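Student: Below is one structure. I have some questions about it.
The values are calculated or read from the model by the stated rules, or taken from the named source; none is laboratory data. Predicted model only: the values in this text are computed from it and were never measured. Cβ placement follows ideal geometry from the backbone for every residue including glycine, while neighbour counts extend to all protein chains displayed.
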Amino acid sequence: MKVTAGNSDIVNGCLKGDKDAFRQLYHKHHPWMMGICMRYCSNRDEAKDVLQECLIRVFNAIGSFTYQGDAQFVSWLKRIVVNTSLSYLRQQSKENFIPLDDGTPLSLVAEEPADYSEAEELPQEKLLGMISELPAGYRAVFNMYVFEEMSHREIAQELGISENTSKTQLLKARAFLKNKISKTVKSFTI
């Protein structure tokens with residue numbers, strides 16, 4: 001099998017138990033899979049552990065997978081990566097989530113459109129670094145809402161928290177990031 005094998009060839013090889021096909025799957029997809037793991041984990045070592053668990057789950061589940069095109073395959077892989085990352089977060093502790101009764105007025109939990117104009121001035125790596133600095137609960141909700149485009153109801157169900165807690169976590173994550181971005185942009189312009 002060539003290094004440039006398409007997903008169809010890779011999936012067919014994996015279904016036949018071809019170790020080279022699994023190696024191809026890893027080399028072709030691990031960069032973006034690792035990127036997702038990094039968004040949910042506190043550091044690179046945790047992300048590597050989660051990625052390894054993802055690959056084990058892919059290996060165990062690929063026998064029941066029916067290839068219907070590249071987009072569907074990548075979507076299937078992404079779902080495994082996100083679910084594995086979320087499972088990891090749940091295992092870490094529910095203490096990462098601050099309950100709504102932390103004193104935050106309900107009026108602050110309202111959906112507000114986010115202003116990301118200052119963020120556009122920063123390199124992507126810098127922004128991802130700032131996201132990784134978020135406390136775990138904030139980071140999980142922020143990633144699920146912004147990158148996975150999940151609703152607060154879906155986030156609440158996935159994480160076992162209330163919708164209001166999800167909204168509060170997102171609000172606080174945005175405030176944290178806005179503060180970090182403002183400080184960084186000001187340091188560039190001085």
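Student: Do we have any residue at all in region 154-177 that's touching a Pro at 6+ places or on another chain (Cβ under 9 Å) and of a type in the set (Lys, Arg)?
Tutor: Checking region 154-177: at least one residue is touching a Pro at 6+ places or on another chain (Cβ under 9 Å) and of a type in the set (Lys, Arg).
Student: Further question on the same structure: Just checking, does region 161-171 include any residue being of a type outside the set (Lys, Arg), at pLDDT below 85, out of contact with any strand residue (DSSP E or B) (no Cβ under 9 Å at 6 or more places or on another chain) and not assigned by TED's automatic domain parsing to the domain that holds Met38?
Tutor: From region 161-171, those of a type outside the set (Lys, Arg) are 161-166, 168-171; that's our starting set.
Right, trim to at pLDDT below 85 and you get none.
The answer is no, given that none of the residues of region 161-171 is of a type outside the set (Lys, Arg), at pLDDT below 85, out of contact with any strand residue (DSSP E or B) (no Cβ under 9 Å at 6 or more places or on another chain) and not assigned by TED's automatic domain parsing to the domain that holds Met38.
Student: Do you know which residues across region 58-97 are touching a helix residue (DSSP H, G or I) at 6+ places or on another chain (Cβ under 6 Å) and either of a type in the set (S, T, N, Q) or exposed (fewer than 15 other Cβ atoms within 10 Å of the Cβ) (or both)?
Tutor: Answer for region 58-97, where residues must be touching a helix residue (DSSP H, G or I) at 6+ places or on another chain (Cβ under 6 Å) and either of a type in the set (S, T, N, Q) or exposed (fewer than 15 other Cβ atoms within 10 Å of the Cβ) (or both): Asp70, Thr84, Ser85, Asn96.
Student: Take residues that are under 16 Å from the mean Cα position of the chain (by Cα) and either over 30 Å from Met130 (Cα atoms) or assigned by TED's automatic domain parsing to the domain that holds Glu133 (or both) and tell me which of the helices (runs of 4 or more DSSP H) falling wholly in region 5-91 contain 2 or more. Working first, answer last.
Tutor: On the way: elements: 7-15, 19-40, 44-61.
Because the criterion is at least 2 residues that are under 16 Å from the mean Cα position of the chain (by Cα) and either over 30 Å from Met130 (Cα atoms) or assigned by TED's automatic domain parsing to the domain that holds Glu133 (or both), no helices (runs of 4 or more DSSP H) in region 5-91 meet it.
Student: Name the single residue, out of those in region 111-138 being in a loop (DSSP other than H, G, I, E, B) and modelled with pLDDT of 85 or more, that is surrounded by the fewest Cβ atoms within 10 Å (Cβ to Cβ). Break it down into steps so the answer makes sense when it comes.
Tutor: Just the residues of region 111-138 that are in a loop (DSSP other than H, G, I, E, B), to begin with: 111-117, 122-123, 133-135.
If we keep only those that are modelled with pLDDT of 85 or more too, we end up with 133-135.
Values: Glu133: 13, Leu134: 22, Pro135: 15.
Residue satisfying both the conditions and the ranking: Glu133.
Student: While we're on this one: Looking at Phe147, is it among the aromatic types (Phe, Trp, Tyr) and surrounded by 15 or more Cβ atoms within 10 Å (Cβ to Cβ)?
Tutor: Numbers: among the aromatic types (Phe, Trp, Tyr): yes; surrounded by 15 or more Cβ atoms within 10 Å (Cβ to Cβ): no.
No.
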